[in-house]
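We did not get these values from a lab; they are worked out from the coordinates using the rules stated. Small disclaimer: the values here were computed from a predicted structure and weren't measured. Cβ coordinates were reconstructed from backbone atoms using ideal geometry, including for glycine residues, and neighbour counts include every protein chain displayed.
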């Protein structure tokens, strides 16, 4: 069981390291690009996953009418510089429309919005997370593993119990604290 937990811990660390590298690569790619992935449900709700130079946002837009086909995925991207003012046919991101709460690059929104292209009232709910946060969270596992590997090892001092560190000068035959036999008294089994 202990071996299985160790294997799972190592696998989780490797996965976290790969995600951290992917987040760093995504961040450097998004310096000059932006990407949007849309999914439209049958009830005219649109889910948008947006990535740009500042953050990654997940937004849910709902209205009585959607301009996209239900049950379909659509993708938008731009290989040129990120526009300061997005075109009218693009859904404005959570960060660009008035977010209800913003701090340290995080944005939360839950409000109604009038779409300028179609003049249809839409409801917006979303969250935006900065890249630095994703990189920091995914770096925790590999950092913990590195610190574990390079931690200072406590070596048993002569005359002390190797398990609990109790002073064995008064009782050299057995540790009165944990019952461990000192290394020189253990018989080969």
Mean Cβ count within 10 Å, highest first, over the residues of peptides 157-169, 19-31, 127-139: 127-139, 19-31, 157-169
Relative exposure of 78, 100, judged by other C-beta atoms within 10 Å (fewest first): 100, 78
Which of 1, 48 has the fewest Cβ neighbours within 10 Å, and the rest in rising order: 1, 48
